[in-house]
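One structure below.
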Amino acid sequence: RVETIKFTPPKIVSTPVTDIPPPVDKLDNVTISDVTEKGEKTDAVNPPPEPKGTGAKEIRVSETPPGTIMVQVLAAFPGGAKAWKKYLERNLRQDVPVENGAPAGDYKVVVSFIVNADGTLSNIKAENDPGYGVAGEAVRVVQKSGKWVPAIQNGRYVTYRQQQPITFRVTVEQQ
């Protein structure tokens, strides 16, 4: 059996303290514990034991950039992704790059916009412009899309920045 001495971690309290930690000179050759017991003195010094119910806890750090707010439900076009795709197919003027002399290839433009808490869109802009009028056409169609279903965080509608890539494909027709 090893001699131990009770070590009370300091606490800030408003009432008088009755459980006072031992003086430092009494800690020589004893093991620190949560109880005081008589026994054999030892040179080993152990850290105070953790009270039951505590201990190491795994902390996960988010990899999101500073200033980014994660939402629980993303903003969406009314009817979801299928309805959005159908809307784009029906309303995009796909011949705009051809009318502006674009050679065969893919022309991808990323449109960013804010879906406000009331579902309206604002700050609609093309993040890039591959040319041949595709950026303007993509912005025009997003502006025309109407109200969206806003993002939800903690049960409340919140403002959310959305990015939408739109690709125009120009092909060469074989005769």
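Table for the structure above
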| item | result |
| --- | --- |
| Residue list for segment 166-175, filter: open to solvent by 30 Å² or more (accessible area, probe 1.4 Å) and either more than 21 Å from LEU121 (Cβ to Cβ) or part of a helix (DSSP H, G or I) (or both) | ARG169, THR171, VAL172, GLU173, GLN174, GLN175 |
| Tally, over segment 107-124, of residues that are in contact with a Pro (Cβ under 6 Å, 6 or more places away or on another chain) and closer than 24 Å to GLN72 by Cβ | 3 |
| Segment 74-105: number of residues that are in contact with a Gly (Cβ under 7 Å, 6 or more places away or on another chain) and farther than 16 Å from ARG140 by Cβ | 0 |
| Residues of segment 107-123 satisfying the condition of being within 13 Å of ALA135 (Cβ to Cβ) and over 22 Å from the mean Cα position of the chain (by Cα) | TYR107, LYS108, VAL109 |
| Residue that is least open to solvent (accessible area, probe 1.4 Å), among those in segment 138-165 that are basic (Lys, Arg) and over 14 Å from SER112 (Cβ atoms) | ARG140 |
| Selection count, segment 79-100, where residues are open to solvent by 100 Å² or more (accessible area, probe 1.4 Å) and assigned to a loop (DSSP other than H, G, I, E, B) | 2 |
| Restricting segment 125-165 to residues that are basic (Lys, Arg) and in a strand (DSSP E or B), the residue that is farthest from ALA75 (Cα to Cα) | LYS125 |
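The values are calculated or read from the model by the stated rules, or taken from the named source; none is laboratory data. Keep in mind that this is a model prediction, so the values were computed, not measured. Quick reminder, even Gly has a Cβ in these numbers, built from the backbone with ideal geometry, and neighbours come from all protein chains shown. The area values use the complete protein model at the heavy-atom level, side chains included, leaving out ligands, DNA and RNA. Shrake-Rupley method; radii C 1.70, N 1.55, O 1.52, S 1.80 Å.
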